[in-house]
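Trainee: I am attaching a structure below and will ask some questions about it afterwards.
The values are calculated or read from the model by the stated rules, or taken from the named source; none is laboratory data. Note that the coordinates shown come from a computational prediction; the quantities given were computed from them, not determined experimentally. Cβ placement follows ideal geometry from the backbone for every residue including glycine, while neighbour counts extend to all protein chains displayed. What goes into the accessible areas is simple: the full protein's heavy atoms, side chains included, and nothing from ligands, DNA or RNA. Shrake-Rupley method; radii C 1.70, N 1.55, O 1.52, S 1.80 Å.
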Amino acid sequence: MPIHLDDLDVVSEIAGSSSALIVPCNMCPAVTVAVKENKPFVQLFRSFLKSAPFQQHIEGLQARLGDMGTETKVFKSLLPHQWFLCMWTSGQRAKLRKHAKQHDAVIVMGCPSATETVRDAVEETDTKVIEGMEVTSFMNAKLRFHLPCNVSFDDCKIVPMTGQEKEQDLSA
Ligand code: SF4
């Protein structure tokens, strides 16, 4: 089951960068946002293989960064096997390296393993790597397929990582 993440304040980190490439992991962060907003993770007929809540979340980040003068682009990972940044192929990493070189900074929307993938990809470039999210806990939920062709996560609970407090119910 995916991990649960919160956004970090990238505004202070990005100061001085005129352009940034946002690199989203389309799995745990997308599930996290869908669950937080109580919306379907994917609606296949509306936005094929895209998670609309996460997409809108990233657009919000782009708007905020645009207001402070940082131009952003989003690195696309359209195919499901590219959704998990922790398991990217060397080809996808090479593609990111090529695109990242054109920006001052890369903002990673994912966990530390996602950041590790990005650091590996942009190694030997001058591009700054900024973490856009932090891990808070695990999630436990019921995967549900429903009409017309939606995928949702129901009865979601936060499961603490070792050493954290007892589990929290997110469905309340
Ligand atoms: S990179 Fe991290 S956030 Fe993305 S799928 Fe892997 S574990 Fe989840």
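Trainee: Share of the stretch 40-172's accessible area from carbon and sulfur, percent, 1.4 Å?
Mentor: With neighbouring chains kept in place, the figure for the stretch 40-172 is 52 percent.
Trainee: Follow-up question, since we're still on this one. Counting DSSP beta bridges with both partners in the stretch 25-172, what percentage is antiparallel, nearest 5? Walk me through the numbers on the way to the answer.
Mentor: Working: 12 of 16 bridges.
Of those bridges, close to 75 percent are antiparallel.
Trainee: Any idea of the accessible area per residue across the chain, 1.4 Å probe, to the nearest Å²? Walk me through the numbers before you get to the answer.
Mentor: Numbers: 9470 Å² over 172 residues.
Per residue, the chain has 55 Å² of solvent-accessible surface.
Trainee: OK, next. Take each of the peptides 34-42, 93-101, average the number of other beta-carbon atoms within 10 Å over its residues, and list them starting from the highest.
Mentor: Working: 34-42: 18.4, 93-101: 16.6.
Ranking the peptides 34-42, 93-101 by packing returns 34-42, 93-101.
Trainee: Give me the one-decimal nm value for the distance between modelled label points at THR136 and ASP67, 7 Å along each residue's Cα-to-Cβ direction.
Mentor: If labels sit at THR136 and ASP67, their model points lie 2.2 nm apart.
Trainee: Using Cα-Cα distances under 8 Å and only pairs 6 or more residues apart, what relative contact order does the stretch 65-135 have, in percent?
Mentor: 30 percent
Trainee: The stretch 95-170 to the stretch 1-54: how many Å between their Cα centroids?
Mentor: Using only Cα atoms, the two centres lie 8 Å from each other.
Trainee: Right, another one. Name the lysines eligible as straight-distance cross-link partners of LYS157: C-alpha to C-alpha under 28 Å, and not fewer than 8 places from it in the same chain.
Mentor: Reachable lysines: LYS36, LYS39, LYS50, LYS142, LYS166.
Trainee: OK, next. Between LEU143 and LYS50, what is the FRET efficiency for a Förster distance of 25 Å, r being their Cβ-Cβ separation, to the nearest 0.05?
Mentor: So, using R0 = 25 Å, E works out to roughly 0.90.
Trainee: Show which lysines lie in cross-link reach of LYS128 when reach means a straight Cα distance below 20 angstrom and same-chain residues fewer than eight apart are skipped.
Mentor: LYS73, LYS76, LYS95, LYS98, LYS101
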